[in-house]
Amino acid sequence: MSTSISMKRPIPVLRIFDEEKAREFYIDFLEFKVDWEHRFEEDLPLYIQISSSDCILHLSENYGDAIPGTSLRIEVGNVELLHEKLLGKKYKFARPGLETTEWNTREVRIGDPFGNRIVFYEGVR
């Protein structure tokens, strides 16, 4: 029996209310890919895993899985390129800026259609 504890990366669960808007934002705009989806029955809420590189998120329409207004920070390599790609898409609902913070990060902050806030960040060298 092992005597050490090894914790892995957390997987945040974000509340969504509209599958079409979620796919437009997370899949089309942010370019995450769908890993899998689940519904207990065809007309019941969606639970979906999406990913981009090592970043995994769960999105849920199920009441009680998460609350709207969640904030999360996602570390990225080359946040400037991410920023350029997002602006180049001319997404109707978001044109995020790129900020250098006092705590030595470069950050792109964006809200999803459900009130969740995502900060993509990279440490300043």
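If you go through the stretch 41-60 and keep only what is surrounded by fewer than 18 Cβ atoms within 10 Å (Cβ to Cβ) and within 16 Å of residue 21 (Cβ to Cβ), you end up with 45, 46. When restricted to residues that are assigned to a loop (DSSP other than H, G, I, E, B) and of a type in the set (Ser, Thr, Tyr), the stretch 66-82 contains 1.
Checking each residue in the stretch 73-109 for being of a type in the set (S, T, N, Q), surrounded by fewer than 16 Cβ atoms within 10 Å (Cβ to Cβ) and closer than 22 Å to residue 56 by Cβ picks out only 78. Residue 94 satisfies every condition listed in (1) in a loop (DSSP other than H, G, I, E, B); (2) free of Cβ contacts under 8 Å to residues at least 24 places away in the same chain; (3) on the phi < 0 side of the Ramachandran plot except (2).
Residue 88 passes every criterion in (1) touching a residue at least 24 places away in the same chain (Cβ under 8 Å); (2) more than 26 Å from residue 17 (Cα to Cα); (3) of a type in the set (Gly, Ala, Ser) apart from (1).
Can residue 41 be described as touching a Leu at 6+ places or on another chain (Cβ under 6 Å) and farther than 23 Å from residue 75 by Cβ? No: the conditions fail for residue 41. The set of residues in the stretch 85-106 that are within 14 Å of residue 29 (Cβ to Cβ) and not aromatic (Phe, Trp, Tyr) comprises 85, 86, 87, 88, 89, 90, 92, 94, 95, 96. Just one of (1) modelled with pLDDT of 95 or more; (2) surrounded by fewer than 18 Cβ atoms within 10 Å (Cβ to Cβ); (3) within 18 Å of residue 31 (Cα to Cα) fails for residue 112. It is (2).
The values are calculated or read from the model by the stated rules, or taken from the named source; none is laboratory data. Nothing here was measured: the structure is a model prediction, and the numbers come from that model. Note that we place each Cβ from the backbone using ideal geometry, even for glycine, and neighbour counts take in every protein chain shown.
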